[in-house]
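Quick notes on the structure that follows.
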Amino acid sequence: MCGITAYIGPRNAYPIVINGLKRLEYRGYDSAGIMLFDGQGLQLSKTKGKVSDLEEITNNDEKRKNGNIGIGHTRWATHGVPNDTNSHPHVSNSGELVIVHNGIIENYDTIKKELIKRGYTFKSDTDTEVLVNLIQEVKKNEGCKLGKAVQLALNSVIGAYAIAVFDKAKPDELIVARLGSPIAIGIGENNSEFFIASDASPFVEYTKNAVYLEDEELAIIKLGREVRVRRIHNDELIKASVQKLQLSLEEIEKGGYDHFMLKEIHEQPKAITDTFRGRLLVEQNFIKLLGIDSYREKFLNANRVIIVACGTSWHAGLVGEYLLEDMARIPVEVEYASEFRYRNPVITENDVIIAISQSGETADTLAAIKLAKERGAFVYGICNVVGSSIARETHTGTYTHAGPEIGVASTKAFTTQITVLTLMALKLGREKGTIPEKEFVKYLNAMDRIPQQVEKLLEIDEHVKYIASVYKDATNCLYLGRGFNFPVALEGALKLKEISYIHAEGYPAAEMKHGPIALIDENMPTFVIATKHGHYEKVVSNIQEIKSRSGKIIAIVTEGDITVKEIADHCIEIPETEEALTPLLTTIPLQLLSYHIAVMLGKNVDQPRNLAKSVTVE
């Protein structure tokens, strides 16, 4: 979603804010803007396009780069098309107030009509310009300070927001607030400077101390004074909780790779290892998950598990369904969070809800969590970002420890989510006695080998790159899998769609005859996951049905496979492992394939069009 950066302090704000916007480019955006205050007037620059386009504008006029206070924004369009006028920051009619905003004000039209009656005019089509003028109107009518005006205005709006507001009459102060969209405040030594951003990546090299606002909190940031936090709805003063950042600058740089996505694909052996470090205790034949240990009876007595997630996390949840039902014999349902929250679901106190999100900020998943908690369910979170909203909203949970994932197309988040779900299924299976001890030990040892096997798979990159060159001009693709690898087929298709813009669909292999087979011809590549375990013979039959209709087959097979190799046009081998663990391996070549096709087509791999890393609005 939209990215916010701001700075107030003794330094020149421009390079801090511009570099911060570059750090937030992974969130996805279509326009960018910056405001600097030089002590005299506002210097406003904004444009449709990338941060690099914004830099061209400011580089042509040095006065646009002066000032010790600055706020910047990358916009993902909601209200109003992407253009220069709709770009943020927005300025109030008085010319005094400036705002940047991530989110949606749902009742903006009603407020706008009322403000027009009061003589206000609007240049843009955005809800954000309405909000800044509402704040101006409240400040004028109530005769109050900016912080109070923002608080009163926000009590009148419906929707989601993270905002930063500046008043040129108070040049040593910024107001920030959040509801549904994240905002972090970096604190300089002795409160001599402050950094504001949608996440900590824009200011990690300047400070390790940060405050993360909770929903419905507003912060008054004033130079030389501690951050003052208040509840928006009742004005309660809250003690700001300062956290130490674990993020390092090296983690959010490309490290010699051409793209973040490629870097993150290659980081998966380490990410998986970090995810089960201290949890997968092979020598003791034990799995340690504090979230389950502390709430053991909740899981053992659960009538069912409901997994809620969106996008790639939903695909991981589907793998989790297979794992939990197979190993722990617990009934599992997997729901799109966006549907779950609105369809009046049947939830009881005996249900366990598992919410999965890489960012921990996904709006629909957060809403699903709140709904489940209201109805008495126990909620377990799986997310990557420490201190995120989902981590705070859930009763307990597990961090994936994948490290920062900057590429919009999720890779290491997917495999680490599956890793956590596998550990959960194995642990619960052992606790319930539904998995024999000998099989449990076999799985532990197989899990322990997975990072090395992924490392080995990454060595076939050139082979995958060649296959990508053969099929890069395809306009449609099918992905087929069965059992544990059906969700991998869905994920493989999603990756290709996301970054190459080639239409692709994933199906259970057996469902091919119920419609998709009509699409098969010599121009339709079909990617089939055909590992030797599970329903191998059935998948072989599906492959033969495709070949008999002149379809092109790219198969992912187990090392040493002979049968499929004789039929398929191309084969990619994975190391042998337990059937339930194959998704951790079969997904790797599909990620590489999508990456190479997108690069060959000249697409923006890390920032695909129209997409955002963290979807914090509906």
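Quick note: the coordinates plus some simple rules give every number you see, no bench work behind them. As the structure is a computational prediction, the values presented were derived from the model and not from experiment. Glycine gets a Cβ as well: all are built from the backbone with ideal geometry, and neighbour counts include every protein chain shown.
Cα gyration tensor of the range 3-251, axes a ≥ b ≥ c as square roots of the eigenvalues: rounded (a/c below 1.5), prolate (a/b > b/c) or oblate?
Details: a/c = 1.45, a/b = 1.12, b/c = 1.30.
In terms of gyration-tensor shape, rounded.
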Percent of beta bridges antiparallel (DSSP, the chain, rounded to nearest 5): 60
By average Cβ neighbour count within 10 Å, what is the ranking of 459-472, 146-159 from highest down? 146-159, 459-472
Degrees, to the nearest 10: 486-500 long Cα axis against longest axis of the chain: 50
Measure out, as a whole number of angstrom, how far apart the alpha-carbon centroids of the range 1-50 and the range 355-411 sit. 28
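Over 30 Å between C-alpha atoms is what I'm after, so list which of LYS123/LYS145; LYS456/LYS603; LYS46/LYS472; LYS370/LYS412 land there.
Values: LYS123/LYS145 26 Å; LYS456/LYS603 27 Å; LYS46/LYS472 36 Å; LYS370/LYS412 27 Å.
In this structure, LYS46/LYS472 lie more than 30 Å apart at Cα.
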Among THR563, THR577, THR362, THR126, which comes first, second and so on when ranked by fewest other beta-carbon atoms within 10 Å? THR563, THR577, THR126, THR362
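If you take every DSSP beta bridge fully contained in the range 202-354, what fraction is antiparallel? Give it as a percent rounded to 5. Working shown, then result.
Details: 11 of 20 bridges.
Beta bridges within the range 202-354, antiparallel portion: roughly 55 percent.
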Output the relative contact order of the range 445-524, whole-number percent, from Cα pairs under 8 angstrom with separation of 6+ residues. 27
State whether the range 254-455 is rounded, prolate or oblate according to the following rule on the C-alpha gyration tensor (a ≥ b ≥ c being the square roots of its eigenvalues): a/c under 1.5 gives rounded; otherwise a/b larger than b/c gives prolate, and the remaining case gives oblate. oblate
How far is helix 127-142 tilted, in degrees, relative to the longest principal axis of the Cα atoms in the chain, given as a value from 0 to 90 rounded to the nearest 10? 40
Inter-part gap, Cα centre of the range 569-603 to Cα centre of the range 310-344, in whole angstrom, is 23
If I take R0 = 25 Å and measure r between the Cβ atoms of ASN209 and ARG231 in this structure, what FRET efficiency does the formula 1/(1 + (r/R0)^6) give, to the nearest 0.05? 0.65
Any chance you could give the angle, 0 to 90 degrees and rounded to 10, that helix 583-600 forms with the longest Cα principal axis of the chain? 60
For SER156 and LEU44 in the same chain, what is the full-extension length gain: residue separation times 0.36 nm, less their Cα-Cα distance, in nm? 37.5 nm
For GLU333, which sequence-distant residues (separation of 5 or more, or a different chain) have an amide H within less than 5 Å of its own amide H, given hydrogens modelled in the peptide plane? VAL305, ILE306, ILE307
Simple spin-label model, 7 Å along Cα-to-Cβ: TYR257 to ASP125 in nm? 3.7
Net lengthening on full extension, LEU290/LEU611 (0.36 nm per residue, minus Cα-Cα): 112.1 nm
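For the chain, count all C-alpha to C-alpha pairs, find those more than 31 Å apart, and express that count as a whole percent of the total.
Working: 100834 of 190653 pairs.
Considering the chain, 53 percent of its Cα-Cα pairs are separated by more than 31 Å.
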How big is the antiparallel share of DSSP beta bridges in the range 22-142, given as a percent to the nearest 5? 100
Please report the relative contact order for the chain, taking Cα pairs under 8 Å with a sequence separation of at least 6, and give it as a percent rounded to a whole number. 12
Karplus couplings for the range 3-13 from phi (6.51 cos²θ - 1.76 cosθ + 1.60, θ = phi - 60°), rounded to Hz, Gly and Pro as x? x, 10, 9, 7, 8, 9, x, x, 7, 5, 6
Taking 30 Å as R0, compute the FRET efficiency from the Cβ-Cβ separation of SER550 and LYS465 and round it to 0.05. 0.75
Ranking THR47, THR398 by Cβ neighbours within 10 Å, fewest first, what do you get? THR47, THR398
Label point distance in nm, LYS63-VAL386, each placed 7 Å from Cα along Cα→Cβ: 4.6
Label point 7 Å out from ASN301 along Cα-to-Cβ: which residues of the range 339-356 have amide N under 19 Å? 347-354
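Determine, from the Cβ-Cβ distance of ARG277 and LYS140 and an R0 of 41 Å, the FRET efficiency 1/(1 + (r/R0)^6), rounded to the nearest 0.05.
Plugging the Cβ-Cβ distance into 1/(1 + (r/R0)^6) gives 0.15.
Highest first, please rank the peptides 428-434, 6-12 by the mean number of other Cβ atoms sitting within 10 Å of their residues.
Values: 428-434: 17.6, 6-12: 20.9.
Final packing ranking: 6-12, 428-434.
Decide, for the range 1-116, between rounded, prolate and oblate: order the square roots of the alpha carbon gyration tensor eigenvalues as a ≥ b ≥ c, take rounded if a/c falls under 1.5, and otherwise choose prolate if a/b is larger than b/c, else oblate. Let's see the in-between values first.
Numbers: a/c = 1.87, a/b = 1.32, b/c = 1.42.
Oblate.
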For the range 460-605, what are the per-bin percents of Cα-Cα distances with bins 10 Å wide, up to the bin holding the maximum? 13, 48, 35, 5
With Cβ to Cβ distances under 11 Å as the rule, what net charge do the other residues near ILE105 carry (K, R +1; D, E -1)? -3
Would you mind pulling out the separation of the Cα centroids of the range 103-128 and the range 447-526, in Å? 46
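With each run of n ≥ 4 DSSP H residues scored as -39500 (n - 2.57), what mean residue ellipticity at 222 nm is computed for the chain after dividing by its residue count and rounding to the nearest 500 deg cm²/dmol? Provide the component values of the computation, followed by the final result.
Working: 20 runs with 218 residues, N = 618.
Result for the chain, helices only: -10500 deg cm²/dmol.
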